[in-house]
Structure formats: structure tokens, C-alpha cells
Amino acid sequence: MAQFIDNIPSMDLMRSEKMTFAQLIIPVESAHRAVSYLGELGLFQFRDLNENKSPFQRTFINQVKRCAEMSRKLRFFKDQISKAGLMSSPHSVLQPDIELEELEYQLAEHEHELIELNSNSEKLRQSYNELLEFKIVLQKAFGFLASNHSHEFSERELEENVYLNDGYFDTASPLEKELKPGSSYQSGLRFISGMICKSKVLRFERMLFRATRGNMLFNQAAADELIEDPVSNEKIEKTVFVVFFSGEQARTKILKICESFGANCYPVPEDISKQRQISGEVSTRLSDLETTLDAGIRHRNKALASVECHLAKWMNMVRREKAVYDTLNMLNFDVTKKCLVGEGWCPVFAKLQIQEALQRATLDSSSQVGIIFHPMDAAESPPTYFRTNRFTSAYQEIVDAYGVARYEEANPAVYTVITFPFLFAVMFGDWGHGICLLLGALVLIARESRLSKERLGSFMEMLFGGRYVLLLMSLFSIYCGLIYNEFFSVPFHIFGKSAYSCRDASCRDAHTAGLVKLRDPYPFGVDPSWRGSRSELAFLNSLKMKMSILLGVAQMNLGIILSYFNAHYFSSSVDIRYQFVPQMIFLNSLFGYLSLLIVIKWCNGSQADLYHVMIYMFLSPTDNLGENQLFRGQRPLQIVLLLLALIAVPWMLFPKPFILKKLHHERFQGRTYGMLTTSEMDLEEEPDSARQHDEEFNFSEVFVHQMIHSIEFVLGAVSNTASYLRLWALSLAHSELSTVFYEKVLVLAWGYDNLVIRLVGLAVFAFATAFILLMMETLSAFLHALRLHWVEFQNKFYHGDGYKFRPFSFASLTEDDD
């Protein structure tokens, strides 16, 4: 057996890649280039030799700060380009490679120019907004003044206005004369006009009313144009207001309230000729500012365009440089300060590629001293590395989400590729729904090259990453749907005629024997005549329940068999004899025997009650089975299997801890020098030398751990088998939901001779199918399949306490690393 297993060719993904620990001794002059070449290769994981140092105590912290500052500037340019609405060019302009120092200088110049342009543009926009607001206030306030003159204020003359923005205009004009400080107010009614944000008007009016005790008149009108905020570039709705009041105290209060609410006040002369003159001046200045703003925007966009054509290349360059210096900070200087010493892991197959990259770095840097690549032994466990592709990576991620495989232990992803989508399909089986999922998966795969380059949302990114999982899930769903003979819950005579016919007019309303067999069994899957019959639910429940037990026992056996392959690979005969063998005996003496009874009952058509057989196998194993006997010699076989199951429990529990203790004592007494490789010895770290005493073997801890493991397996054999019944439960729920939506929505609506009702029924059916059956039910079946793999399958052999191989690689850098 062992020789046969040794001759089996190695399987990709079955075991993680063999790793080696290496030390790099790199001359200072070639260190940067060497790390860069290793980043391009992406097959060396550096170990941080400066864990005890803070980031500010490391050697290359100044270079990291410079790169971080350049990243900040590049993000600033990217935000400005995005705000300006400039489209990114598909092809960057070719530019000769530049050094980091030159790039740093160029970025500083571009930033200074852009900040100055933004500052000037903001000032111009502020001036433009004030003039625009003034123009709108002049237009709206004149209507208020004319209205008040035509009523109770017609006999009074409004002589004074208040204007807060002193010194607004640079040249003398009637507007300045109107606002000249020291202009006196005559007694009588006064007013203040201005503009305020629409969202503040109600609170503003209330505050004015309370401050003046109601001695004011407040008029307002919405502005015809939206005002652009120069900082956020958002369009803001504003309202023009005119407040009539009397007295100097009221004027002071109103001005303070305007200031606190951020309202802008503007002077409005009552004289029509002055108003026209000021309006003309404002319009002229608005026109000049528009021309200046347009010229400034064109100049700013031109500056941004010159940056945008190189932005992607620059960001990638800075990102790489920062990653290189972060990695160099993980290395140590030797005592001479002329070499950097680094340590890390790499796959064995990559040693030659790494050495070639280091030799290139030595030649390209014109160093007179070569880089030394020195393999070493390491006390720590190596990282786990699986070489995956676009198809297998999603399944590996499903396994890694539970726990990363221990170094070189059997990888469940090899089997998850098939078992996961198949168990999903057992719960989701409907070939109509499966076709819908298949179309979605094919769309994602067809647009793979385009979607892989786009920035997707979290949900779409997850869906795109699992496109091949979705593909197999849909294919297996179609297969299981054909077995269940369900197309949106409707059966079809795809593979021929039914083997049965109804004795009565309707099978569902039959009061006699019901179905009558007329011809050979239906060639493939469930006979369509079962749909709608009186025994439909009982038949399908029995079928799916028994099928769930068979699939569960088969997958749990696979998990135990994989534990044997693990033990054999690590040369642990103790695990094989005292863990694998009793576990196989216990599981198959009970639930393997149940699976055998299910198959025999299907084959001979017996009416035996399997519940009764299994219960009385424990309660009264010697009693006669009577009509529940399925084959000759069943009762003595049950007694033997029951005894084997009882023997398997102490077999798992007691021998292993005592044997481990004996082997440990022999090791330190000189009788054997082989390292113990059993999985249970991982409770204690392997001693480095014989100086450690055998008292360090904690027998009580090992025994308690083995007892917990044994009890967990015994109870888990029962609970895990019951857990696989979720395959039956989810399949039944999916089928019943499909039937309800079809019969109670679509068929019911189609019974009306009304087009509107039919269309509404079709829309409701499509909505329920898409959002409930194709989304919620898919997610539910996915999560249950995930549970069956993580708990029921992987707990038989999978430790999952390793850590991933994370090499230094430029390909893995993202925008978040800036």
C-alpha cells in the first residue's frame, strides 16, 4: 500500500511548494537594484530583521518620507484632474526614464504652479460670485422697493443703504460714492439688502424678528441663478432679501445677524438712474471676469494635461520606489556598514531565478562584489505557497478563508473544485435557474479582460473573482435539475415518455391506487408523473434525504482518507494506526452501514424501515429483524459492526498518548535520534538539543487533547451526518418556493383573460425568480455548502494553522500602498 502511494505522481495543489530559507548578503551599491529585481520576480519573502526598531529608527526612513511626500503630490494632481473632468488618455506619452530626484523636482514645480493657479482662480471666482450676487440683488430689490412705495411707504424717501464689503471696487465710481464711509443717514425708514443661502432663510428671518421684536419688514425672492462655491465647485441655491427697519440699534443688530449667518449685504440705490449706472458697471466687470476666468481655466487645464499624460507612470514609479525602500528597511547592516544582510523564504523551484536576478543586479550596478545567496536552516515553520491560476484561485480563497494550510499538508482546494459546486447544486437543483446562472457566469468570463482592468465595487469584485465558481455551480445545477426534472419547478418529458399514468382523471385527486406503471422506468432522473401526485412529497423527500446521507458519508470518508495521506507523507505511523484506522472503523460501522442499507433498499425495493433498523441496532442488537431484514446475515453483521464501533473509541483515545510518551523518553535516553513528526507533537515545540529534559513532555496535556479529539470525532460523526441533511432541506425549500411562484403567481395570472393582469403576474414572477430564487437562494445554498466544507469535511484532516507566502512583488502593489 505504501509503495503504491509513493508511486502516485505528484498532483498540482495537493501539497504546498517546497520552501527554503535563505540569507542574502548584498553590497550597499547594488542593494536598491537587487531588491527591485526581486520585486519584479515576486518570489522572495523578506523577513523583518528590525522588528524592535520603530519606523523612524530605520536606515532608509528619509527616502520613505520623500516617496510618501511625492505620493501625496501625485494624489493631489489626480484629484485636481478628476475635478477638472479631464479624460485620462488610454496611452501614456512616451518619456525617457528619469531619476527619482528629477521627478521630485518636477513634482514640486508642478504643485507650486497648480496651487498658485488654484489660488488665483479662487479669488477671481469669489469676485465673480460677489458681482453676480450684486447684480441679482439689484434686479430683485428694485421690485421690493417699488412695491413698498406703492403702499404705505410711498411718502418716505429711502436715503441710506448699508454695505459690508468695503473696498470692493478698486476704481472710483458711483457705487463707491454710494458706499462712502461717513455718509450720514437721515431719520426715517431704512433697509438692508443682500443674499443668503436658501437653507438658512427660515432661521435667518426668525432671528431678525426676535432681535428687532417684530419691528421690521422682511421680503425675500429666490435667485434666478445658482451660485458656484469657489472651494467645493458646488452649485448653491440662494435667496435675495430686503429688510426694512428703523433706528440705529436695529441696524447694528441686523448687520451682526447677517454676519453670523454668512449673508452678503449689497447697496441698492433707490434712484433709478443710479441703479442703471451701477448695473452697467457690474455687467461690464462680470464680462471682464468671465474672460479672465476662462483664460485661467484653459491655462490650468493645460498644466493638468501635461501632468496627466505621465501621471500613471509616475505613480507606479513612486509606488515601486517606496516599496523598495520599505523592504530595504527590513534588512540589517553588517558590522562593516558596507553590506546589507537580509533573510527570507523562497520556493525551491525559484532558487535559480533568484540567483540570476541577483547576478543581473550586480552587473547592472557595476559592483565589484557579488551578492551572496546562502540557503540556511530555520527554526520556524515555512510559509504555505500554492501556485494557482484564474480558475483555481477562487477555490483556494474559499479554503484559505477558513485557515491557511499548514506547510505541505493536504490541500482541500483540490477536491473543493468539484465537491463545492456539486453540493451547491444538490440544494439548488433546477435546470432553468441553472441556465440563468450560467448566462451570468459566461458574461463575466467573456468580459474578463475588460473587467479585470476596471475598478469594481465590492459586490461586483467578489462576483467577478468567483466567476469560475459560478460557472461550475451553474453547470452542476443544470445537471441536478435534470435529475430532479425541474425547470422553474415544471417537469418536462425530455428523455422519453413517463413510465406511469394516472388511474383517475387527476393524480392529485385520486382516491384509488393512484399511479399505474405501464412501461420501463424513465431513462434519466425523476419521472415527470410524480409531479402533482399524492405521493410526490413523500417520494422526493425520501429520495433527497437518503441521497444527502450517501453524499455526506462519502465526503466524510474522503476527509478521513486524506488524513491518512497526511500521516503517510509526514511518516507518522502513530497517526495511521491509532487515528486513521479507528476513525474509519467507527464511521463506517455505523453510517457506512446505513449507506449500505440505503443502496440495498433501493436495489431490491424492500419496504424495510431503516429508522427502526438503526435504532434497534443499539437498543436490541440480538432481536430478530423480521420484515426489516434486507439481506441474509444482517443481524450478526450488525452485532459485529456495533462491537467494532465500541472498540474504536478507546482505540482512538488511549494508545496514542502513551506511545508518544514512550517515544519521547527513548529519544532523550539515546535509544533513537529520529525527530518525532506526529501531528500531535505540535503541542510542544521540538527541542533544539538534548539539554532539554524529558519532563518537558506534558503527558496530561497530550492526553486531554487526545480525549477532546476523540470525543469530538465520535459526536461529530453523528452531528456531521445529520448536518448533511441540509442538502435535502434546502433542495426541498428551493423546489417548494419555485412551485409557489409558478402556480400562485404565473399560472394564476395567466388564468385571467386580461393582458394587464397577465403582464403584472409575469413581472411579479420574474422579480421573485430573480431576487429571491436567483439571489437569496443562491447565497443561502452557497453559505450552506461553505459550512459543509469548512466543518464537516475539513475537520477530519485539515489543521489550517499555517501562514501564507507573501513575497515582495511589484505586481501585488495597489493604490492603497501609496
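The values are calculated or read from the model by the stated rules, or taken from the named source; none is laboratory data. Please read these numbers as outputs of a predicted model, since none were measured by experiment. Cβ coordinates were reconstructed from backbone atoms using ideal geometry, including for glycine residues, and neighbour counts include every protein chain displayed. Protein only, heavy atoms only, side chains kept; ligands, DNA and RNA dropped before computing areas. Shrake-Rupley method; radii C 1.70, N 1.55, O 1.52, S 1.80 Å.
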(request) Sticking with the crude label model, points 7 Å out along Cα→Cβ, report the distance from N389 to F539 in nm, one decimal please. (result) 4.4
(message) Where in the chain is the longest stretch that carries no trypsin sites (Lys or Arg not before Pro) classed as loop by DSSP and with at most 10 other Cβ atoms within 10 Å?
(response) 1-212
(request) Pop out the ³J(HN,Hα) list for region 339-354 in order, Karplus 6.51 cos²θ - 1.76 cosθ + 1.60 with θ = phi - 60°, rounded to Hz; leave Gly and Pro as x. (result) 9, 9, 10, x, 9, x, 10, 8, x, 4, 5, 9, 4, 5, 5, 5
(request) Enumerate by residue number the chymotrypsin sites (Phe, Trp or Tyr not before Pro) in region 311-411 meeting two conditions: DSSP loop (anything except H, G, I, E, B), and at most 16 other Cβ atoms within 10 Å of the site's Cβ. (result) F391
(request) Kindly report the accessible area of the chain per residue (heavy atoms of protein chains, probe 1.4 Å, no ligands, DNA or RNA), in Å². (result) 53
(message) Restricting to DSSP loop positions (anything but H, G, I, E, B) with no more than 15 other Cβ atoms inside 10 Å of their own Cβ, which GluC sites (Glu not before Pro) remain in region 435-478?
(response) E454
(message) Tell me the Kirkwood radius of the chain: reciprocal of the mean inverse pair distance over distinct alpha-carbon atoms, in Å.
(response) 35.8
(message) Could you work out how much longer the chain between E712 and L518 gets when fully extended? Use 0.36 nm per residue separation minus the Cα distance between them, nm to one decimal.
(response) 64.7 nm
(message) 5 Å is the cut-off here: which amide hydrogens, built 1.01 Å from N in the peptide plane, fall below it relative to D430, excluding neighbours closer than 5 in sequence?
(response) G481
(message) As a quick test, which of the pairs K73/K337; K200/K302; K313/K453; K661/K804 have an alpha carbon distance above 27 angstrom in this structure?
(response) K73/K337; K200/K302; K661/K804
(request) With everything on Cα atoms, drop me the angle between helix 467-484 and the longest principal axis of the chain, reported from 0 to 90° to the nearest 10. (result) 50
(request) Compute the FRET efficiency between I772 and I600 as 1/(1 + (r/R0)^6), taking r as their Cβ-Cβ distance and R0 = 41 Å, and round to the nearest 0.05. (result) 0.55
(message) Straight-line reach only, C-alpha to C-alpha below 20 angstrom: list the lysines that K198 could link to, leaving out same-chain residues fewer than 8 apart.
(response) K135, K140, K235, K238, K256
(request) Identify all lysines with a Cα-Cα distance to K662 below 27 Å; exclude those on the same chain that are fewer than 8 residues away in sequence. (result) K796
(message) What does the net charge come to around V35 if you take all other residues with beta carbon closer than 11 Å to its beta carbon, with K and R at +1 and D and E at -1?
(response) -1
(request) Starting from the Cα-Cα distance between R455 and V704, subtract it from 0.36 nm times their residue separation and give me the gain in nm to one decimal. (result) 84.5 nm
(request) Could you work out how far helix 634-653 tilts from the main Cα principal axis of the chain, as a 0 to 90 degree angle to the nearest 10? (result) 60
(request) Can you tell me the 0 to 90 degree angle between the C-alpha axis of helix 699-723 and the longest principal axis of the chain, rounded to 10? (result) 90
(request) Please give the length that would be gained between L646 and R360 if that part of the chain were fully extended, namely 0.36 nm times their separation in residues minus their C-alpha to C-alpha distance (nm, one decimal). (result) 96.4 nm
(message) For K601, give me every one of the lysines with a C-alpha distance below 23 angstrom, ignoring sequence neighbours fewer than eight places off in its own chain.
(response) K517, K544, K546
(message) Compute and list, largest first, the equivalent-ellipsoid semi-axes of region 225-349 from the alpha carbon gyration tensor, each √(5λ) rounded to a whole angstrom.
(response) 63, 24, 13
(message) Accessible area of the chain with a 1.4 Å probe: how many percent of it is carbon plus sulfur?
(response) 57
(message) So the label point goes 7 Å from the Cα of A108 along Cα→C-beta, right? Which residues of region 56-71 then have their backbone N under 19 Å from it?
(response) 61-71
(request) Would you please classify the overall shape of region 358-514 from the alpha carbon gyration tensor, given that a ≥ b ≥ c denote the square roots of the eigenvalues, rounded means a/c under 1.5, and beyond that prolate means a/b larger than b/c while oblate covers the rest? (result) prolate
(request) Between E627 and S501, take the C-beta separation as r, use R0 = 35 Å, and let me know the FRET efficiency to the nearest 0.05. (result) 0.70
